[in-house]
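This report refers to the structure that appears directly beneath it.
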Amino acid sequence: MKTKGKKKNQVNVITLGCAKNLVDSEVMMGQLNANNITVSHQSTNSADIIIINTCGFIENAKQESIDTILRYADYKDSGGIEKLYVTGCLSQRYRDELQLEIPQVDAWFGTMELPLLLKKFKADYKHDLVGERILTTDAHYAYLKISEGCDRPCSFCAIPLMRGKHVSKPIETIVLEAKTLAGKGVKEIILIAQDSTFYGLDLYGKRNLAILLERLTEVDGIEWIRLHYAFPTGFPLDILDTMAYHPKICNYLDIPLQHGSNKMLRLMRRGITREKTERLIATLRDKIPDIAIRTTMIIGHPGETEQDFQEMTDFILNTKFDRLGVFTYSHEENTHAYQMKDDVPESVKLERSNIVMEIQERISNQLNQQKIGKTLKVLIDRKEGAYFVGRTEYDSPEVDNEVLIEASKGYLRIGDFCNVLITSAEDFDLYGAPA
Ligand code: SF4
């Protein structure tokens, strides 16, 4: 069927899910582009071929992926597109069932099958394209994946089912990628993985994140290095000296902790206790006094009682995390927790996550008030209405706080750093003027 008004062999990539999936899409687009295939991202343009890079993590994300596939399947039926391909975590996990249910999809690919996908375009995977990807983030920051997969046994998590065992990238490869990104004008790199603190154990026989961070500080042009997805158990304390020593490494750490009750940490198979976690956080703050700690909590895991939830809120109130997000537990087949009864009603999960976010709003406001009168280095991300909007080293893109600077106070260039005197604060945002 001739697709109306569509340019031949033009590809549009749709990315769902996390930053790791985004990097996979950027690499995929880099490969397609290097094989002379015109590619775009998340656009509604005239592409006649759609590739959906799906997420299969939890119920909501799975539903969003399926809805997106079905939408494009209808579009294909109506002659809007020629080909529809699906890749990513949902495809990795459920392709056998999905290919029977959605026959409009021309082919399904797993999370490690980019070379196979490229074959559909008579294209070859070009190994020499290390770090060559089409960036989809603002030009001045980029995610840098340092490993794939995960060896952890967390009871609720399906990621190891979709991403496999932990595989670290060699330091040389990551440094080369960082140099390539710097060459494109990237100033901030955000290190991502399923478990970044496991880095090197498989490849070098020891945790090598501190060495990697050290090497990345030597890359010219990179001014901020941000660390995400640390794991508390077996945390490599040597990275704290490296972080404290190098101004390029943001005093920021994303470390999902998931709960504050020892019973729940045991049921979640996190391999750590509340007490050990509190000692780790005390050490983080002792070594880097102004460190911003981001964490996530999972609400409503099987077995969670009102008492357990109380322990979680006490933990949050006592610790005062700088940034905090919540997930409600999703009963995922083939995970360890799937054998347990999903005994916390959805309404209770929702009620508890609202309570946690109300607590966090108050904490965030208190902490933000303490920033008034300070001058902070801000990376300008965009202009929005009457404001330039940026972030401090304590804030990661899309998930954390922002700094709003009145544009009438002077022109600022997107992608530039500037010093900002903080004049007022709200729950999650700061306001200021160029210092
Ligand atoms: S560390 Fe745990 S929660 Fe994170 S990806 Fe691995 S198994 Fe999942």
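The values are calculated or read from the model by the stated rules, or taken from the named source; none is laboratory data. Source: prediction; values computed, not measured. Glycine gets a Cβ as well: all are built from the backbone with ideal geometry, and neighbour counts include every protein chain shown. Ligands, DNA and RNA are stripped out before the accessible areas are found, and what is left, the full protein with its side chains, is counted by its heavy atoms. Shrake-Rupley method; radii C 1.70, N 1.55, O 1.52, S 1.80 Å.
Brief remarks on what is shown
- Residue satisfying all of: in the stretch 160-174; part of a loop (DSSP other than H, G, I, E, B) and within 16 Å of the ligand (Cβ to nearest atom); surrounded by the most Cβ atoms within 10 Å (Cβ to Cβ) among these: H166
- 1 or more residues out of contact with any strand residue (DSSP E or B) (no Cβ under 8 Å at 6 or more places or on another chain) and closer than 16 Å to L324 by Cβ: qualifying helices (runs of 4 or more DSSP H) within the stretch 216-300: 274-287
- Annotation: C55 fulfils all but one of (1) crowded, with 18+ Cβ neighbours inside 10 Å; (2) farther than 27 Å from G164 by Cβ; (3) out of contact with any Phe, Trp or Tyr (no Cβ under 9 Å at 6 or more places or on another chain); the unmet one is (2).
- Conditions (1) more than 30 Å from I298 (Cβ to Cβ); (2) assigned to a loop (DSSP other than H, G, I, E, B); (3) of a type outside the set (A, V, I, L, M, F, W, C): number failed by R152: (1)
- Restricting attention to the stretch 175-200, the residues that are touching an Asp or Glu at 6+ places or on another chain (Cβ under 8 Å) and either within 16 Å of the ligand (Cβ to nearest atom) or assigned to a loop (DSSP other than H, G, I, E, B) (or both) add up to 5.
- The lone exception for L129 - which of (1) surrounded by fewer than 18 Cβ atoms within 10 Å (Cβ to Cβ); (2) over 30 Å from G221 (Cα atoms) it fails: (2)
- Any hit, the stretch 134-142, residues being open to solvent by 10 Å² or more (accessible area, probe 1.4 Å), in contact with a helix residue (DSSP H, G or I) (Cβ under 6 Å, 6 or more places away or on another chain), within 16 Å of the ligand (Cβ to nearest atom) and outside any helix (DSSP H, G or I): no
- Single residue of the stretch 146-159 satisfying the filter (out of contact with any Ser or Thr (no Cβ under 7 Å at 6 or more places or on another chain) and open to solvent by 10 Å² or more (accessible area, probe 1.4 Å)) that is nearest to E59 (Cα to Cα): I159
- For the stretch 317-435, the strands (runs of 3 or more DSSP E) that sit wholly inside it and include 1 or more residues that are of a type in the set (F, W, Y) and under 30 Å from F156 (Cα atoms) are 323-328.
- Residue check, G415 open to solvent by less than 50 Å² (accessible area, probe 1.4 Å), more than 17 Å from N251 (Cβ to Cβ) and within 21 Å of the chain's Cα centre (by Cα): yes
- Out of G149, G131, sole residue that is within 16 Å of the ligand (Cβ to nearest atom) and at positive phi: G149
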